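**Student:** Input: one structure, supplied below.
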Number of protein chains: 2
Amino acid sequence: MRRHDNVTSLDVARRAGVSQSAVSRTFTPGASVSKRTREKVEKAAEDLGYRPNSLARAMITGRSRIIGLVVAYLENQFYPVAIERLSRALKDEGYHMLIFLTENSDTMVPEVVNDLLDYRVDAIVTASVAMSDELTAQCDAAGIPVVMFNRGQDDERISSVTSDNVSGGRDVANFLLAGGHQRIAHIAGWQESSTGRDRAKGFVEGLAERGEEPFIVVDSHYDPNEAKRLTREIFSKQDRPDAVFVGNDHMAFAVMDALRFDIGLRVPSDVSVVGYDDVPISSWAAYDLTTIRQPVNQMVAATVEAVIDRIEGGIQPKQVRIPGPLIVRGSARKPEISS
Amino acid sequence: MRRHDNVTSLDVARRAGVSQSAVSRTFTPGASVSKRTREKVEKAAEDLGYRPNSLARAMITGRSRIIGLVVAYLENQFYPVAIERLSRALKDEGYHMLIFLTENSDTMVPEVVNDLLDYRVDAIVTASVAMSDELTAQCDAAGIPVVMFNRGQDDERISSVTSDNVSGGRDVANFLLAGGHQRIAHIAGWQESSTGRDRAKGFVEGLAERGEEPFIVVDSHYDPNEAKRLTREIFSKQDRPDAVFVGNDHMAFAVMDALRFDIGLRVPSDVSVVGYDDVPISSWAAYDLTTIRQPVNQMVAATVEAVIDRIEGGIQPKQVRIPGPLIVRGSARKPEISS
DNA sequence: AGCGGGAATGCATAGGATTGCAAAAATCCG
DNA sequence: CGGATTTTTGCAATCCTATGCATTCCCGCT
């Protein structure tokens, strides 16, 4: 097997007739090198095809410039889109992303986090994944900041970035009430997750403020198949809701399919449907889903900021909550315009 | 700023009363350590919370156990799904994924690849991204194997894994002809990409074998908006196709939306639509898309195998092409069952 | 008891870069 | 032009682990 003798800074140094330090310095922004040596080094590096070894650099500086991303699943389009933005934003800051897919379980997450710690990532971003206290402590002890994306957390040691799910839920309640709906069901997101809980909470509160109660609230565990099953169950009875707020868009599509194709109801004339996220598919004509937009760009920006702050500035963790607007489309009856 | 003094193998060695080598050996599978020292070391490591530093290990072994993934965009659900599978499969083999999102351009791809080379990744997997000859040569010189996922390549130095797009295209042609369609359009994938070309080629050949010609073939550049525009253009004329084969599912959805909601045609009674990929959305009732399945699992398995072979075995690059079945659903008129 | 051989251990080096420190060179300024 | 700075430069130590080699240990066998 052919060994590819990597060209090192020493090789470059020899060829350029300078010390190895000089080479290092030409490739370190802000280091002190004269124009002449820099040119010599650059020439030699070019000739030899030299590029600094990031791993060696990471070893000595103690920064890998790698961010670990832990994400549970990508079927819900919200995450791929967010990851895409996140990756781009981090690249602009000179960071790279080591990605891990995992189940949101008590056995897999620690395993994955250990792998990340082994790679001495500079920070960990979790998306749709919760961290146990134990794990949090472990990262904290290792001095590795954790930022949770789209999942809140009471633990003060962890930064989190979410949209304002409570007010989002409340907005949905108000919108549906304004549309004259009487019997509003909620197929809620996973009640073990902060997003699921908060959206449900805001929604129920919103109804309560107007003296109303939800027709029913059920936990879908963020599983579209489960959501479908629940839809069939709830809507095939005689006394059925006239509107449903679904915990996220991805499930809302499944719900709409079930309503239209399994049960034969029409949206929105028979039932109004509202989702949460505003993923790209929501604007597709087949669904045209009214939903709360999660401001992905702002959320990503906040995440990157939180990450960088903690890595470079040593700033304390913070909890960011960004409000998102209601996007009115055709899947839910609209309120009469009151003059 | 507090320095988190990382615990090193030396610390563990001291505490366990053994040499640093012994520590290293306990954490290296297959190395020669007695049960007694192993236990002492494990105990000490546990106490101190020691975990071997992957970066240091990578430096000395020359393997980072990191695979670089370059992918152009994640809106097309085919890629997130594939990435998810890929990540899991690689993890099982002890590899991790450094992910890069890029445009499929001549300026960005080299930039990204350089970043990857800097991290001394063990291999590069590209998804929906083409590599210039120059770049290929560069990776080759660095001894880093490249595997292209879902994109073919003439260059023998690169492994590629695709489905059999030519035969897939042909199958579509046959299916639509068997369904009695007379005027079949093709809103093709990007003709600069092998997938786009091959699917179009197989389709046109398939028609030709039965003495037919496509109604029209246009290049959508894999852009759903462009596909929509083309759909409106093609189908709003008097003399319109009675079927359309779309270059991938993601565009097929856009096409169906345009047909139904912009033009007011019905699928499949007015127009049959066939896609390519069989992403999860295709089976959603709202689209119920007839399509060619890309066998993601097999493709991922082949990709992982190709990667590992080249890293560990030094096997030569190879081109893998896996056939995928036609999945018949409701978006295209079905052939009469001939007794 | 003595010997042979495999297993276990430790020593020391390597891997490729960054960086504090001190020496050398270049620059400034009166 | 000489001394005082400032800028460049090189030396050498450091980051953390893997591993070839030499040595020691242990065990079984005659």
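The values are calculated or read from the model by the stated rules, or taken from the named source; none is laboratory data. All values derive from a computational prediction rather than experimental measurement. Cβ placement follows ideal geometry from the backbone for every residue including glycine, while neighbour counts extend to all protein chains displayed.
**Student:** Show the residue pairs meeting these rules: Cβ distance below 6 Å; 6+ apart or different chains; first residue within segment A:133-146 and more than 14 Å from residue B:6 (Cβ to Cβ); second residue modelled with pLDDT under 85.
**Tutor:** Partner pairs satisfying both residue conditions: A:136/A:155; A:136/A:157; A:140/A:157.
**Student:** Oh, and also: I need the full set of residues from segment A:239-256 which are crowded, with 22+ Cβ neighbours inside 10 Å and either of a type in the set (Lys, Arg) or within 14 Å of chain B (Cβ to nearest Cβ) (or both), in order please.
**Tutor:** Result: A:249, A:250, A:251, A:252, A:253, A:254, A:255, A:256.
**Student:** Step by step: first the residues of segment A:20-57, then only those that are surrounded by fewer than 18 Cβ atoms within 10 Å (Cβ to Cβ) and in contact (Cβ under 8 Å) with a residue 40 or more places away in the chain, then the one that is farthest from the other protein chains (Cβ to nearest Cβ). Which residue is that?
**Tutor:** Step by step, filter segment A:20-57, then rank; the result is A:48.
**Student:** Working only within segment B:207-235, note down all residues that are in contact with a Leu (Cβ under 8 Å, 6 or more places away or on another chain) and not in a loop (DSSP other than H, G, I, E, B).
**Tutor:** Correct list: B:207, B:218, B:231, B:235.
**Student:** Continuing with the same structure: Looking at (1) of a type outside the set (Phe, Trp, Tyr); (2) buried (at least 24 other Cβ atoms within 10 Å of the Cβ); (3) within 30 Å of residue A:27 (Cα to Cα), find the lone condition where residue B:111 falls short.
**Tutor:** Checking residue B:111 against (1) of a type outside the set (Phe, Trp, Tyr); (2) buried (at least 24 other Cβ atoms within 10 Å of the Cβ); (3) within 30 Å of residue A:27 (Cα to Cα), the one that fails is (2).
**Student:** Scan segment A:135-176 residue by residue and report those that are closer than 23 Å to residue A:97 by Cβ and either in contact with a Cys (Cβ under 6 Å, 6 or more places away or on another chain) or aromatic (Phe, Trp, Tyr) (or both).
**Tutor:** Across segment A:135-176, the qualifying residues are A:146, A:149.
**Student:** In segment A:135-143, is there at least one residue being farther than 20 Å from residue B:91 by Cα, buried (at least 17 other Cβ atoms within 10 Å of the Cβ), within 16 Å of DNA strand D (Cβ to nearest atom) and at pLDDT 95 or above?
**Tutor:** Among the residues of segment A:135-143, not one is farther than 20 Å from residue B:91 by Cα, buried (at least 17 other Cβ atoms within 10 Å of the Cβ), within 16 Å of DNA strand D (Cβ to nearest atom) and at pLDDT 95 or above, which makes the answer no.
**Student:** I'd like the full set of residues that are polar (S, T, N, Q) and away from DNA strand C (no atom under 11 Å from the Cβ), limited to segment B:47-56.
**Tutor:** The one that is polar (S, T, N, Q) and away from DNA strand C (no atom under 11 Å from the Cβ): B:54.
**Student:** How many residues, within segment A:58-68, are within 8 Å of chain B (Cβ to nearest Cβ) and either of a type in the set (A, V, I, L, M, F, W, C) or farther than 11 Å from residue B:55 by Cβ (or both)?
**Tutor:** 3
**Student:** Quick one: residue B:33 ticks every box in (1) in a helix (DSSP H, G or I); (2) near DNA strand C (Cβ under 9 Å from one of its atoms) bar one, so which box is it?
**Tutor:** Tallying (1) in a helix (DSSP H, G or I); (2) near DNA strand C (Cβ under 9 Å from one of its atoms), residue B:33 fails exactly one: (1).
**Student:** Another question, if that's okay. Here are some residues: A:335, A:317. Which one is under 17 Å from residue A:126 (Cα atoms), in contact (Cβ under 8 Å) with a residue 24 or more places away in the chain and part of a loop (DSSP other than H, G, I, E, B)?
**Tutor:** A:317
**Student:** From B:136, B:126, which residue is polar (S, T, N, Q) and under 23 Å from residue B:295 (Cα atoms)?
**Tutor:** Going through B:136, B:126 in turn, the sole match is B:126.
**Student:** What number of residues in segment B:253-290 are farther than 24 Å from residue A:74 by Cα, aromatic (Phe, Trp, Tyr) and assigned to a loop (DSSP other than H, G, I, E, B)?
**Tutor:** 0
**Student:** A follow-up question, please. State all residues of segment B:14-36 that are over 42 Å from the mean Cα position of the chain (by Cα) and on the phi > 0 side of the Ramachandran plot; if no residue qualifies, say none.
**Tutor:** B:17
**Student:** Right, another one. Can you tell me which residue is nearest to residue A:175 (Cα to Cα) among those in segment A:215-261 that are more than 25 Å from the chain's Cα centre (by Cα) and basic (Lys, Arg)?
**Tutor:** Looking at the filtered set, the residue picked out is A:240.
**Student:** Just the residues that are within 11 Å of another protein chain (Cβ to nearest Cβ) and among the charged types (D, E, K, R), please, taken from segment B:90-134.
**Tutor:** B:91, B:103, B:111, B:115, B:118, B:120, listed by residue number.
**Student:** Related question: Being in contact (Cβ under 8 Å) with a residue 12 or more places away in the chain, touching a Phe, Trp or Tyr at 6+ places or on another chain (Cβ under 6 Å) and charged (D, E, K, R) is true for just one of B:262, B:277, B:249, B:242. Which residue is that?
**Tutor:** Matching residue, one of B:262, B:277, B:249, B:242: B:277.
Residue-by-condition table, conditions (1) assigned to a helix (DSSP H, G or I); (2) more than 7 Å from DNA strand C (Cβ to nearest atom); (3) of a type in the set (Lys, Arg):
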residue: A:15; (1), (2), (3): yes, yes, yes
residue: A:22; (1), (2), (3): yes, yes, no
residue: A:25; (1), (2), (3): yes, no, yes
residue: A:29; (1), (2), (3): no, yes, no
residue: A:41; (1), (2), (3): yes, yes, no
residue: A:45; (1), (2), (3): yes, yes, no
residue: A:58; (1), (2), (3): yes, yes, no
residue: A:76; (1), (2), (3): no, yes, no
residue: A:85; (1), (2), (3): yes, yes, yes
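**Student:** Go over the candidates B:163, B:128 one by one and state the one that is within 14 Å of the chain's Cα centre (by Cα) and surrounded by 24 or more Cβ atoms within 10 Å (Cβ to Cβ).
**Tutor:** Only one candidate qualifies: B:163.
**Student:** A further question on this structure: Tell me which of these residue B:164 doesn't satisfy, since it passes every other one: (1) in contact with a Lys or Arg (Cβ under 9 Å, 6 or more places away or on another chain); (2) within 12 Å of residue B:70 (Cβ to Cβ).
**Tutor:** The failed condition is (2).
**Student:** Okay, next question. Quick check on segment A:328-339. Is at least one of its residues farther than 15 Å from residue A:179 by Cβ and crowded, with 18+ Cβ neighbours inside 10 Å?
**Tutor:** Looking through segment A:328-339, none of the residues is farther than 15 Å from residue A:179 by Cβ and crowded, with 18+ Cβ neighbours inside 10 Å.
**Student:** Name the single residue, out of those in segment B:257-271 being touching an Asp or Glu at 6+ places or on another chain (Cβ under 9 Å) and more than 13 Å from every other protein chain (Cβ to nearest Cβ), that is surrounded by the fewest Cβ atoms within 10 Å (Cβ to Cβ).
**Tutor:** B:270
**Student:** Those residues that are surrounded by fewer than 22 Cβ atoms within 10 Å (Cβ to Cβ) and either touching a Pro at 6+ places or on another chain (Cβ under 7 Å) or free of Cβ contacts under 8 Å to residues at least 24 places away in the same chain (or both), I need them from segment A:82-108; list them, please.
**Tutor:** A:84, A:88, A:91, A:92, A:105, A:107, A:108 - these are the residues of segment A:82-108 that are surrounded by fewer than 22 Cβ atoms within 10 Å (Cβ to Cβ) and either touching a Pro at 6+ places or on another chain (Cβ under 7 Å) or free of Cβ contacts under 8 Å to residues at least 24 places away in the same chain (or both).
**Student:** So in segment B:60-74, with the set limited to residues that are closer than 30 Å to residue B:280 by Cβ and touching a residue at least 40 places away in the same chain (Cβ under 8 Å), which one is nearest to DNA strand C (Cβ to nearest atom)?
**Tutor:** Among them, the one singled out is B:66.
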